[in-house]
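Below you'll find the structure, written out as structure tokens, and then a few comments.
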Amino acid sequence: MAKMTFEGTRVLVTGGGSGFGRLIACGAAQRGAAEVIVWDLNMERAEATVAIIKGHGCEARAVAVDVTDRGAVEAAAGETGDIDILVNNAGVVSGRPLLENSPESIERTLQVNLHSLFWVTRAFLPGMIERNWGTVVTISSAAGLIGPARMTDYVASKFGAFGFNESLRNELRAEGSAVNTLVVTPFFMSTGMFDGVTTRFSLLLPILRPTYVAAATLNAIENGRSALVEPWFVNTIPPLRMFPVKVFDAVTDFFGVNNSMDDFHGRDGDRV
């Protein structure tokens, strides 16, 4: 897809009430969006984001939506109308070992992080295809490429999110559509979602500043990119799977990927 600008666009961000989603929503407003629609399960947080956006002179609207509820998504999308840029950002994390994680928590993680991509994207993609214009952004995670311990539900959901983007991108390419997809795959960010997560070599595998990743994501949308991985070093890890498993394990152990969760005691699954 050719380069696009936020100027005059309608942007929708799921999970935009706080954390990384708030940064993306506010950044879109600062770059000239005509309107930013903030979807969040927590209306108070969504309205707080909208207040910031309106301070930038941009139209904004807060909508309380449970993105795991297909009917609620379809109803809210019908009221919203066509958008130009969709950012699938809503996400949760528990950070607990498989056998210590409750079935309810596992289901919730998969529903929020993965299933919602289908419901939200299906609601807005037809309008983009009809106009042959738009961008669908999927926020994945480097955890989905690396597979750290104590995160089976989160890793599975984010690996699925990456695959969702890749298959959708190829569908659109096969149809000759100009609608773009962008998958954003950052290492852990210091948004509060991963408080307690550490890294052994901070220069190569740092806990990322969310403001940095948000700016990089907004730039990638404008440049029509299909993928963004932060930091760059993460790109070198998946190809190691071509070697014996012991090689991949040795590298991840060297960087302390599994130990990164030692001081992370889990969350109750807030959308942050």
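Count of the range 45-84 residues, restricted to those that are closer than 18 Å to residue 128 by Cα, out of contact with any Phe, Trp or Tyr (no Cβ under 8 Å at 6 or more places or on another chain) and not in a helix (DSSP H, G or I), is 1. Can you tell me which residue within the range 1-16, out of those that are of a type outside the set (Val, Ile, Thr) and modelled with pLDDT of 95 or more, is surrounded by the most Cβ atoms within 10 Å (Cβ to Cβ)? By that ranking, first place goes to 16. Filtering 191, 217, 252, 198 for residues that are of a type in the set (S, T, N, Q), surrounded by 13 or more Cβ atoms within 10 Å (Cβ to Cβ) and at pLDDT 90 or above leaves a single hit, 217.
Here residue 206 meets the list (1) modelled with pLDDT under 85; (2) touching a Pro at 6+ places or on another chain (Cβ under 9 Å); (3) crowded, with 20+ Cβ neighbours inside 10 Å almost entirely, failing just condition (3). I'm checking my understanding of the structure. Among residues of the range 201-256 that are of a type in the set (Phe, Trp, Tyr) and not in a loop (DSSP other than H, G, I, E, B), which one is nearest to the chain's Cα centre (by Cα)? My answer is 212.
Applying the criterion of being in contact (Cβ under 8 Å) with a residue 24 or more places away in the chain, assigned to a helix (DSSP H, G or I) and farther than 26 Å from residue 253 by Cβ to the residues of the range 129-160, the residue that is farthest from the chain's Cα centre (by Cα) is 131. The residue pairs whose first member lies in the range 56-79 and is acidic (Asp, Glu) and surrounded by 18 or more Cβ atoms within 10 Å (Cβ to Cβ), whose second member is assigned to a strand (DSSP E or B) and at pLDDT below 95, and whose beta carbons are closer than 8 Å, counting only pairs six or more residues apart or on different chains, do not exist in this structure. Residue 19 - would you say it is at positive phi, surrounded by 17 or more Cβ atoms within 10 Å (Cβ to Cβ) and at pLDDT below 95? Yes; evaluated as a whole, the condition is true for this residue. Name every residue in the range 161-171 that is surrounded by 19 or more Cβ atoms within 10 Å (Cβ to Cβ) and over 14 Å from the mean Cα position of the chain (by Cα), in order of residue number. Within the range 161-171, 168, 169 meet the criteria.
Within the range 22-57, the set of residues being at pLDDT below 95 and not small (Gly, Ala, Ser) comprises 56 only.
When the residues of the range 42-51 are filtered to those that are out of contact with any strand residue (DSSP E or B) (no Cβ under 6 Å at 6 or more places or on another chain) and surrounded by fewer than 19 Cβ atoms within 10 Å (Cβ to Cβ), the one that is nearest to residue 123 (Cα to Cα) is 42. Going by the conditions given, is residue 6 aromatic (Phe, Trp, Tyr), in a helix (DSSP H, G or I) and touching a residue at least 12 places away in the same chain (Cβ under 8 Å)? The answer is no for residue 6. Within the range 80-125, if we keep just the residues that are surrounded by fewer than 16 Cβ atoms within 10 Å (Cβ to Cβ), of a type in the set (A, V, I, L, M, F, W, C) and touching a residue at least 40 places away in the same chain (Cβ under 8 Å), the residue that is farthest from residue 218 (Cα to Cα) turns out to be 98.
The residues of the range 85-128 that are hydrophobic (A, V, I, L, M, F, W, C) and outside any helix (DSSP H, G or I), listed by number, are 85, 86, 87, 90, 92, 93. How many residues are surrounded by fewer than 20 Cβ atoms within 10 Å (Cβ to Cβ) and under 21 Å from residue 37 (Cα atoms) if we restrict to the range 133-160? Here the count works out to 1.
The values are calculated or read from the model by the stated rules, or taken from the named source; none is laboratory data. The shown structure was predicted, so the numbers you read here are calculated from the model rather than taken from an experiment. Glycine also receives a Cβ, built like all others from the backbone with ideal geometry; neighbour counts cover every protein chain displayed.
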